[in-house]
């Protein structure tokens, strides 16, 4: 049986847009949404808030909704593990920059070097670029929740 890692994914929205990022020095990492590992004894709802802040540097985030879960086997990227992903909708309540860079100083891969993330907003629903490794798996649920607001 493959080890399972719990992950918290943040679909952060502001003014009808979704926050996404790329790794400017590792383009092969693709375009992603903020996400990270749920720590031992941490609830996914708490992890998503912690990870969203650590990865983006944004304050003024509020949790809107839990969107669902997804199991993803990581064999396609050469890893013998399964991610149990917990997806949340977060709203940015402040006026953020249109794009910015932020250093992830606590990478989950154990690296001591900070990782540079380059953030930008993508217009929902049609302006969202292809997201790597099923990061967009629950975007339809996000769009459903936005239409209810």
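Quick note: the coordinates plus some simple rules give every number you see, no bench work behind them. Worth saying up front: this structure is predicted, and the values here are computed from it rather than measured. Ideal geometry is used to build each Cβ from the backbone, glycine not excepted, and the neighbour counts take in all protein chains shown.
Descriptive notes on the structure:
- The label-point distance for residue 91 and residue 134, in a model that sets each label 7 Å from Cα toward Cβ, rounds to 2.9 nm.
- Listed candidates (1) 41, 32, 30; (2) 48, 31, 30; (3) 64, 46, 26 - label of the one calculated as Cα extents along the principal axes in Å: (1)
- Ordering 95, 145 by the number of other Cβ atoms within 10 Å of each residue's own Cβ, fewest first, gives 95, 145.
- Take every DSSP beta bridge whose two residues both sit in the range 4-148; close to 75 percent of them are antiparallel.
- Here the alpha carbons of the range 1-80 define both size measures, Rg and Dmax, at 13.8, 43 Å.
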